[in-house]
Amino acid sequence: MCRPEATTMLRGCGRLIHKTKALYNLPIQPQGTTISSCYFSVKRHCPPEELRDFGLPNATWSQNLKNLYNKFLELSKNGSWERIPSHNTIADQLQGDLQETRIGKRMFLRNLDSDGLGFEYCMFFNRDERRMVCLFQPGPYLEGPPGYAHGGCIATIIDSTAGAGAVYTCGSVMTANLNITYHKPIPLRCTLFVDSHVDKIEGRKVYSRCHIQSYDGVILHAEATALFIKANK
């Protein structure tokens with residue numbers, strides 16, 4: 001016979017599996033809805049201009065970060081690149097009461113009240129190349145070893161960049177596998193160039209690669225491969 005705590009754990013796992021199955025059976029584009037480019041296809045209830053766009057320069061950005069931003073902003077003028085807006089909530093896209101859903105909920109990468117302390121970044125997408133780049137500056141609240149960024153925050157920015165690239169390429173996805181090789185530690189407040197692109201798509205499987213370099217491309221800090229799974233139609 002199973003112990004009571006084992007039975008409770010098994011029941012909990014069963015509920016989790018049931019919820020996960022339901023998630024993967026979500027329709028990508030229900031009839032009569034407007035789809036936004038994000039990790040889940042959901043309704044939009046308020047115009048994005050009502051929310052702050054954190055992907056725009058602020059006073060804490062280094063000059064190197066501003067220079068990279070201006071470079072890609074210039075490239076976007078001919079339509080080859082697209083700047084991706086970045087908000088601190090997806091509650092404006094969820095069904096239900098807007099004021100209620102926004103209370104106490106923030107995107108993980110945009111969860112601080114002050115600029116410059118955590119993830120400072122912006123993204124640009126090139127559809128023809130199936131490529132997403134992220135210009136990233138890790139703040140002091142992301143510290144791991146003294147003076148350097150924590151490996152977990154590096155994994156987060158890789159997952160977010162490669163995942164966003166997969167979403168903008170083929171629609172809603174979830175991360176199935178992420179393999180990272182760390183080459184050089186990343187100093188806090190430095191400027192980084194995160195470059196990802198979709199390698200191939202096989203059915204519901206989306207394979208991507210990503211690497212993190214110094215802003216000038218001299219230092220390779222990390223590289224990764226990722227597998228994402230497209231949601232069922």
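The values are calculated or read from the model by the stated rules, or taken from the named source; none is laboratory data. This is a predicted model, so every value here is computed, not measured. Here the Cβ is made from the backbone with ideal geometry for all residues, glycine too, and neighbour counts use every protein chain on show. Accessible surface areas use protein heavy atoms only, side chains included; no ligands, DNA or RNA. Shrake-Rupley method; radii C 1.70, N 1.55, O 1.52, S 1.80 Å.
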Problem set entry | In segment 132-155, the residues that are assigned to a helix (DSSP H, G or I) and touching a helix residue (DSSP H, G or I) at 6+ places or on another chain (Cβ under 7 Å) | 142, 153
Exercise. Do we have any residue at all in segment 220-232 that's at pLDDT 95 or above, open to solvent by less than 20 Å² (accessible area, probe 1.4 Å) and outside any strand (DSSP E or B)?
Worked result: no
Exercise. Before we move on, is residue 175 among the β-branched types (Val, Ile, Thr), closer than 29 Å to residue 128 by Cα, open to solvent by 30 Å² or more (accessible area, probe 1.4 Å) and at pLDDT 95 or above?
Worked result: yes
For this session: State whether one or more residues within segment 161-170 are open to solvent by 10 Å² or more (accessible area, probe 1.4 Å), in contact with an Asp or Glu (Cβ under 9 Å, 6 or more places away or on another chain) and among the hydroxyl-bearing types (Ser, Thr, Tyr).
Result: yes
For this session: Output the residues belonging to segment 180-206 that are touching a Leu at 6+ places or on another chain (Cβ under 9 Å), loosely packed, with under 15 Cβ neighbours inside 10 Å and in a strand (DSSP E or B).
Result: 205
For this session: Hey, can you tell me all the residues within segment 207-224 that are within 15 Å of residue 177 (Cβ to Cβ) and in contact with a Leu (Cβ under 7 Å, 6 or more places away or on another chain)?
Result: 207, 224
For this session: Could you please give the count of residues in segment 106-131 that are part of a loop (DSSP other than H, G, I, E, B) and either basic (Lys, Arg) or open to solvent by less than 10 Å² (accessible area, probe 1.4 Å) (or both)?
Result: 4
Problem set entry | Cβ pairs under 8 Å, 6+ apart, first in segment 127-150 and within 20 Å of residue 196 (Cβ to Cβ) and among the basic types (Lys, Arg), second assigned to a helix (DSSP H, G or I) and open to solvent by less than 30 Å² (accessible area, probe 1.4 Å) | 130/165; 131/165
Exercise. What are the residues in segment 159-174 that are part of a helix (DSSP H, G or I) and either over 13 Å from residue 227 (Cα atoms) or of a type outside the set (Asp, Glu) (or both), if any?
Worked result: 160, 161, 162, 163, 164, 165, 166, 167, 168, 169, 170
Exercise. Do any residues in segment 53-76 that are acidic (Asp, Glu) have Cβ atoms under 8 Å from those of residues that are in a loop (DSSP other than H, G, I, E, B) and surrounded by 14 or more Cβ atoms within 10 Å (Cβ to Cβ), where the two are at least six apart or on different chains, and which pairs are they?
Worked result: 53/85; 53/86; 53/87
